[in-house]
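Single-structure report; data block below.
The values are calculated or read from the model by the stated rules, or taken from the named source; none is laboratory data. Note that the structure is predicted; figures quoted are calculated from it, not measured. All Cβ positions, even for glycine, are placed from backbone atoms using ideal geometry, and neighbour counts span all protein chains on display. Accessible surface is based on the protein model in full, side chains and every heavy atom, while ligands, DNA and RNA are left aside. Shrake-Rupley method; radii C 1.70, N 1.55, O 1.52, S 1.80 Å.
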Amino acid sequence: MSKQHTDVILDVQDKPALPLLVGLSLQHMVAMFSGTLLVPLLVGLSPAVGLFSSGVGTLLHILITRKKIPMYMGASFAFLVPMAALMHTTGYPSVASGVISVGIIYLIIAALIALVGTKIIAKIFPPIVVGPIVMAVGLSLATSVATNGTLLDGKYDIRVFIVTMLTLGLTIFFNSFFKGPFGMLSILLGIISGYILAIVFGLVDLQPVVHAHWFAVPQFQIPFVSFKPVLNWEAIVAIAPLAMVSMTDHFGYLMTTGELTDRDYLKNPDLKRTIAGNGVATMFSGLVGGPALTSYGENIGVLALTKVHSVYALIGAAIFAIMFSFVGKLAALVATVPAAVTGGVSFLLFGVIAVSGMRIIVENKLDFNDKRNLMIGSSILVIGIGNAYLQIGAGPHLIQFSGLTIATVVGIILNLILPKESASK
């Protein structure tokens with residue numbers, strides 16, 4: 001890990017005062033909201049259940065990791081294709097088999113790590129691999145954000161571009177010039193300001209809020225209550241292998257969070273706990289009708305930008321997510337925040353993550369005149385940012401490896417096989 005940063009406002013174990021904690025928690029919840037709702041919507045699951053399971057899953061992850069990792073667990077996009085295909089063929093019982101099997105795989109891997117230790121993990125993730133991976137995490141997310149910042153229903157719309165840029169500018173202004181609590185809430189203030197601008201520009205449809213009920217129980221799918229459990233091996237074979245894809249992304253986010261908070265999470269609370277936490281969270285989600293869960297880069301961006309690393313803000317966000325899943329109008333209101341607003345904020349969030357990777361490289365004084373470093377770093381960045389994904393199979397059997405996953409694997413392999421002594425000759 002790098003040297004201790006001196007600009008942290010609230011550290012991981014610091015407890016904000018209650019009024020500030022509410023704002024910080026809402027800030028984190030809004031950051032993850034669109035992705036956590038979008039996955040269930042695309043798959044055919046209940047968005048309210050997805051929101052509920054993400055909140056409970058985050059609390060479970062924080063509990064298992066002993067409140068040492070400020071990380072939010074939201075719906076994973078890695079499993080989107082097979083889950084959607086299974087929902088249209090054999091229905092949710094099959095999807096549940098696959099999601100629960102993903103959680104079991106996480107637990108098995110956590111047990112294996114407990115047996116062999118984490119030293120081998122530290123060896124295959126040196127700064128020359130970690131730095132470019134963290135940069136790729138932020139930059140690879142920028143592509144979709146840039147698209148959402150200019151398009152409305154698939155077509156270019158100048159109003160979307162204006163709202164995106166104004167939201168970005170206002171968020172930067174709040175973060176740069178506001179001090180104290182308002183500075184820590186700069187992202188939430190940026191989202192609120194952008195939302196008002198979006199209403200003025202006619203980009204917000206409030207009808208879903210008007211028609212939503214104040215109180216609505218999520219449509220939980222509970223074994224032996226809502227459906228008869230089935231052991232669907234086809235679903236397990238289609239979904240379970242993607243656990244390794246999601247886990248690789250989780251490694252990247254874990255290293256990014258460790259760099260931001262100046263902690264080595266591979267050692268404390270150790271890797272097996274965070275993977276086990278991910279597994280338990282995903283299993284719970286599968287048991288109530290939700291999607292597989294994973295760590296969210298949006299919330300890591302919030303940590304980096306606000307310099308507030310308090311795990312209690314993530315706990316608060318999880319509690320709010322659970323509450324909002326039962327309050328129809330509030331959930332509907334947050335769901336009306338357009339992509340132009342979230343995109344404007346995300347430009348900043350994902351950019352800060354990328355710069356954190358650059359900081360790893362600078363602080364470890366990596367020499368890119370060394371051919372070995374140059375080959376490893378450039379390969380990770382180009383593959384990760386270019387999103388050179390790999391697809392195997394088709395339909396519900398489709399397995400897609402993201403560019404970030406491939407970049408991580410390539411970086412690990414190059415680090416292991418390229419000689420150090422003669423590489424720069």
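Brief remarks on what is shown
- With respect to (1) crowded, with 20+ Cβ neighbours inside 10 Å; (2) in contact with a Leu (Cβ under 7 Å, 6 or more places away or on another chain); (3) small (Gly, Ala, Ser); (4) at pLDDT 90 or above, the lone exception for Ser379 is condition (1).
- Residue in region 101-109 that is within 21 Å of Ile412 (Cα to Cα) and either surrounded by 24 or more Cβ atoms within 10 Å (Cβ to Cβ) or in contact with a helix residue (DSSP H, G or I) (Cβ under 8 Å, 6 or more places away or on another chain) (or both) present: yes
- Region 70-91 - residue that is of a type in the set (Ser, Thr, Tyr) and open to solvent by less than 20 Å² (accessible area, probe 1.4 Å) and, of those, nearest to Pro223 (Cα to Cα): Ser76
- A single entry from Leu254, Leu231 fulfils the requirement of being crowded, with 20+ Cβ neighbours inside 10 Å, in contact with a helix residue (DSSP H, G or I) (Cβ under 7 Å, 6 or more places away or on another chain) and not hydroxyl-bearing (Ser, Thr, Tyr): Leu254.
- Residue that is hydroxyl-bearing (Ser, Thr, Tyr) and over 18 Å from the mean Cα position of the chain (by Cα), where the choices are Ser295, Ser226: Ser226
- Residue in region 39-46 that is touching a helix residue (DSSP H, G or I) at 6+ places or on another chain (Cβ under 9 Å), within 18 Å of Gly279 (Cα to Cα), modelled with pLDDT of 85 or more and not aliphatic (A, V, I, L, M) present: no
- Taken together, Val160, Val137, Val145, Val102 contain a single residue that is within 20 Å of the chain's Cα centre (by Cα) and either assigned to a loop (DSSP other than H, G, I, E, B) or at pLDDT 80 or above (or both), which is Val102.
- Checked against the criterion of being among the aliphatic types (A, V, I, L, M), touching a strand residue (DSSP E or B) at 6+ places or on another chain (Cβ under 8 Å), in contact (Cβ under 8 Å) with a residue 12 or more places away in the chain and under 28 Å from Ile191 (Cα atoms), region 40-59 has no qualifying residue.
- Options Leu197, Leu185, Leu170, Leu189; residue that is touching a helix residue (DSSP H, G or I) at 6+ places or on another chain (Cβ under 7 Å), over 30 Å from Thr257 (Cβ atoms) and buried (at least 16 other Cβ atoms within 10 Å of the Cβ): Leu197
- Restricting region 38-64 to residues that are polar (S, T, N, Q) and crowded, with 22+ Cβ neighbours inside 10 Å, the residue that is farthest from the chain's Cα centre (by Cα) is Ser53.
- Residue in region 411-421 that is in a helix (DSSP H, G or I), open to solvent by less than 30 Å² (accessible area, probe 1.4 Å), farther than 17 Å from Tyr253 by Cβ and at pLDDT 85 or above present: yes
- Taking region 293-370 as the region of interest, the helices (runs of 4 or more DSSP H) fully inside it that hold 3 or more residues being farther than 16 Å from Glu259 by Cα and open to solvent by 10 Å² or more (accessible area, probe 1.4 Å) are 311-324, 328-335, 339-363.
- For the criterion of being closer than 30 Å to Ile376 by Cα, part of a helix (DSSP H, G or I) and open to solvent by 20 Å² or more (accessible area, probe 1.4 Å), Ile128 fails.
- For Thr282, the conditions (1) among the β-branched types (Val, Ile, Thr); (2) open to solvent by less than 20 Å² (accessible area, probe 1.4 Å); (3) modelled with pLDDT under 90 are fulfilled apart from (3).
- Against the conditions (1) open to solvent by 40 Å² or more (accessible area, probe 1.4 Å); (2) of a type outside the set (A, V, I, L, M); (3) within 13 Å of the chain's Cα centre (by Cα), His28 satisfies every one except (1).
- Test: residue in region 54-73 that is assigned to a helix (DSSP H, G or I) and among the basic types (Lys, Arg): no
- Considering residues of region 7-31 that are in contact with a Lys or Arg (Cβ under 7 Å, 6 or more places away or on another chain) and not acidic (Asp, Glu) only, the residue modelled with the lowest pLDDT: Val8
- Single residue of Lys119, Lys67, Lys123 found to be open to solvent by 10 Å² or more (accessible area, probe 1.4 Å), of a type in the set (D, E, K, R) and at pLDDT 85 or above: Lys67
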